[in-house]
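Below is one structure, written out as structure tokens, with a few remarks after it.
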Amino acid sequence: MSLAVACLWTLLRTIVICLIAAPLCLMIERQLRGLSDRVRTPTLAVLLAPFLFPELVVGYAYRPLTLSMPDAAEWLCSGLLFLRVVPIGVVTLLASPADVVSAAAIHTRRLLQRTHSITERWRLWQCYWQGPVRRSLPAVGLMSIVAFQEFELAALLQTASWTDWFVAAQRVGLDQSIMQQQTWIPVAMQVPLLFAALFWLWRSQTTDFEQREQSISDPGTAAQAVVGLYLLAACGAGCVYPSGVIMWNLPGGLGLLARQPSQALGLGREMIIAIAISLLAGLTTWIVARFWVSRNNGGAVRLATLVTMLLPGLFGSLLLSLGMVAAFQFAWFRPVYDSPIPWVLALMVWLLPRAALLRLWLMVTTPGESVHLAGLMASTPSNPRGAEPSSRSGQRRGQSSALLFRLRDQPQLLAIGLLCYWAYLDLPTAYLLAPSGMTSGLVRLYNFMHFGRSAALSAEAFVFFGFPFVGTVIAWQFFRAVREVNKRR
């Protein structure tokens with residue numbers, strides 16, 4: 001299959017998936033806005049779970065099924081991809097500005113419509129365009145970008161995709177110049193969606209939090225049932241089943257791994273390399289995003305800055321890695337080609353749009369007045385003019401510091417951790433830019449997963465994907481315990 005045909009097939013799959021996902025995203029968003037804060041947070045976590053679950057593990061779990069039923073590979077890949085893009089659309093809708101025309105205004109317009117003339121229908125359509133249709137377009141655009149750039153699922157499930165075409169060409173040794181000349185096809189297909197996403201991000205940055213509030217309406221029993229069934233299906237097919245496949249032969253696989261010390265040491269070394277690179281890329285990206293993506297610039301300056309910073313990363317890690325390979329072939333950069341510098345730079349550029357979206361989300365959800373008051377209380381000096389005992393004043397200031405940490409610092413730490421997690425799981429950059437002797441374990445797992453499923457491979461996947469998560473949870477609990485001890489003092 002040629003690259004043009006693979007791109008067209010991927011584009012057709014993307015359009016169908018996103019058009020089906022858009023109404024469901026609107027339905028889920030209304031459901032989330034009608035929930036209390038106590039219920040909304042776990043519901044949102046369940047919604048995001050299929051998107052955050054390692055895509056390589058999902059492809060590994062379903063690969064034997066597609067090998068036994070090749071005709072079902074496309075349907076299975078599209079279904080799994082559908083489960084992964086819906087959370088993107090819902091989060092985009094939650095962070096989007098309010099409708100220019102509300103649902104109540106559209107309903108009033110329909111009641112005032114006395115005739116079915118073309119003029120009246122056109123005015124009603126304008127109301128829909130300025131309302132839910134226009135507001136859902138950024139969500140459809142971001143979902144399309146994610147679906148069009150999908151790599152691991154298509155490769156492991158053996159379905160047509162332009163991303164797998166490039167990786168296969170790299171594997172068989174196709175000339176780099178020929179591959180770089182072919183990149184214009186997927187680039188041209190993504191340009192309209194990318195500029196639409198950037199315009200939405202700029203418009204969201206210039207909208208105050210109060211203007212984002214949406215009217216909450218009863219979604220209805222049928223809509224609640226659809227949302228509930230989707231959450232069950234998404235978690236079951238996207239998280240529970242792949243986890244069960246990994247855990248099924250885990251005891252035997254861990255035993256095999258323990259009897260092969262060299263294999264275990266090699267896996268540990270590869271994990272340390274991947275963790276170090278992802279931490280460096282994630283922390284640096286967040287610092288850059290906080291510095292540049294701010295409200296202090298003018299509209300034109302902000303838009304130009306966003307385009308300059310975010311557009312390269314929005315083309316996806318695969319095209320970005322191919323561009324880095326070409327850029328570091330020049331004489332000036334060739335001395336550092338076989339080093340971690342291209343790998344880290346590619347991850348930073350790829351993570352910048354995600355960091356900007358996370359920062360936008362924090363701007364929307366962080367209560368600014370509460371953070372300001374908590375900061376004032378935490379900075380109040382102990383025992384001012386003898387108003388109260390110093391012990392009580394210190395305790396109050398410690399409680400204010402804990403509240404400030406929970407409102408301001410904890411969400412930022414979670415955002416940084418999410419960026420590092422994405423960098424840790426990004427396969428194309430590690431596949432194309434990792435220097436010799438510093439290969440990530442992700443690349444080796446991807447190569448071996450093409451040959452089938454085994455207990456040893458499942459154990460290695462469990463260790464590679466599970467150890468950073470368990471280590472992060474332990475470190476977070478230890479950090480919280482230390483803060484509690486300091487607060488009591």
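Restricting to helices (runs of 4 or more DSSP H) lying wholly in the stretch 411-489: which have 2 or more residues that are more than 29 Å from VAL349 (Cβ to Cβ) and touching a residue at least 12 places away in the same chain (Cβ under 8 Å)?
So the answer is 455-488.
Residues are listed down the side, and each one gets a yes or a no for (1) of a type in the set (A, V, I, L, M, F, W, C); (2) more than 20 Å from the chain's Cα centre (by Cα); (3) outside the structural domain of LEU80 (by TED's automatic domain parsing):
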{"position": "PRO242", "(1), (2), (3)": "no, no, no"}
{"position": "ALA258", "(1), (2), (3)": "yes, yes, yes"}
{"position": "MET271", "(1), (2), (3)": "yes, yes, yes"}
{"position": "ALA274", "(1), (2), (3)": "yes, no, yes"}
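Got a number for residues in the stretch 358-373 being modelled with pLDDT under 80 and closer than 15 Å to LEU142 by Cβ?
2
Does TYR241 meet the test of being surrounded by 16 or more Cβ atoms within 10 Å (Cβ to Cβ), modelled with pLDDT of 75 or more and under 19 Å from PHE82 (Cα atoms)?
Judged against the criteria, TYR241 is not a match.
Can we say GLY255 is in contact with a helix residue (DSSP H, G or I) (Cβ under 9 Å, 6 or more places away or on another chain) and either assigned to a helix (DSSP H, G or I) or surrounded by 15 or more Cβ atoms within 10 Å (Cβ to Cβ) (or both)?
Considered against the rule, which asks whether it is in contact with a helix residue (DSSP H, G or I) (Cβ under 9 Å, 6 or more places away or on another chain) and either assigned to a helix (DSSP H, G or I) or surrounded by 15 or more Cβ atoms within 10 Å (Cβ to Cβ) (or both), GLY255 comes out as yes.
Collect the residues in the stretch 433-457 that are crowded, with 17+ Cβ neighbours inside 10 Å and hydroxyl-bearing (Ser, Thr, Tyr), keeping them in residue-number order.
The answer is THR439, SER440, TYR446.
Is there any pair linking a residue in the stretch 154-179 that is over 16 Å from LEU427 (Cα atoms) and in the same structural domain as LEU67 (by TED's automatic domain parsing) to one that is aliphatic (A, V, I, L, M) and not in a helix (DSSP H, G or I), with Cβ under 9 Å and at least six apart or on different chains, and which?
Within 9 Å, the pairs are ALA160/MET1.
Could you pull out every one of the helices (runs of 4 or more DSSP H) wholly within the stretch 1-114 that has 1 or more residues that are at pLDDT below 90, surrounded by fewer than 19 Cβ atoms within 10 Å (Cβ to Cβ) and not assigned by TED's automatic domain parsing to the domain that holds GLY417?
Answer list for the stretch 1-114: 3-33, 37-52, 55-68, 103-112.
The values are calculated or read from the model by the stated rules, or taken from the named source; none is laboratory data. It should be emphasised that the depicted structure is a prediction, and the values quoted were computed from it without experimental measurement. Every residue, glycine among them, receives a Cβ derived from its backbone with ideal geometry; neighbour counts consider all protein chains shown.
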